Amino acid sequence: MSEKIDQIVEDLKTLTLLEASELVSKIEETFGVDASAAVGGGVIMAAAPVAEEAVEEQTEFDLMLDEVPADKKIAVLKVVRGLTGLGLKEAKELVEAAPTKVQTGLAKDAAEEGKKQIEAAGAKASLK
């Protein structure tokens, strides 16, 4: 391949999934083509590295409450109330509904801190 083509391919590898989608839309619009008509594994192979890149760049996390032992329920309830600002009834319903999301769209540091607090209270938590 020519140096120009190699450079374009390298630039494409750095795109996020959203940017790749926007690029496809722009190419379809500019050249009057339909990318969905493409056949073969080439499209899938090109999308796989972009998807891996998107996973590596995850910036927002969901804090999940996975499991609450019955004897730790009150301690976990206090932590959940502190994290979410929910009232007693709503927090109790959330804790009893485990496994469930406690918070969504958190920065990595905030999500990890919330997970530590929940685990310190005796429950199992995870980040998604």
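Values computed for the structure shown
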{"quantity": "Segment 1-17 residues that are more than 21 Å from residue 58 (Cα to Cα), paired with ones that are assigned to a loop (DSSP other than H, G, I, E, B) and open to solvent by 80 Å² or more (accessible area, probe 1.4 Å) (beta carbon under 9 Å, 6 or more apart)", "calculated": "9/1"}
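Matching residues to (1) part of a helix (DSSP H, G or I); (2) over 15 Å from residue 125 (Cβ atoms); (3) touching a residue at least 40 places away in the same chain (Cβ under 8 Å):
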position: 72; (1), (2), (3): yes, no, yes
position: 76; (1), (2), (3): yes, no, yes
position: 82; (1), (2), (3): yes, no, no
position: 89; (1), (2), (3): yes, yes, no
position: 92; (1), (2), (3): yes, yes, no
position: 95; (1), (2), (3): yes, no, no
position: 98; (1), (2), (3): no, no, no
position: 101; (1), (2), (3): no, no, no
position: 105; (1), (2), (3): no, yes, yes
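The values are calculated or read from the model by the stated rules, or taken from the named source; none is laboratory data. This is a predicted model, so every value here is computed, not measured. So basically every Cβ, Gly included, is an ideal-geometry build from the backbone, and we count neighbours across all protein chains shown. We work out accessible area using only protein heavy atoms, side chains counted, and drop any ligands, DNA or RNA first. Shrake-Rupley method; radii C 1.70, N 1.55, O 1.52, S 1.80 Å.
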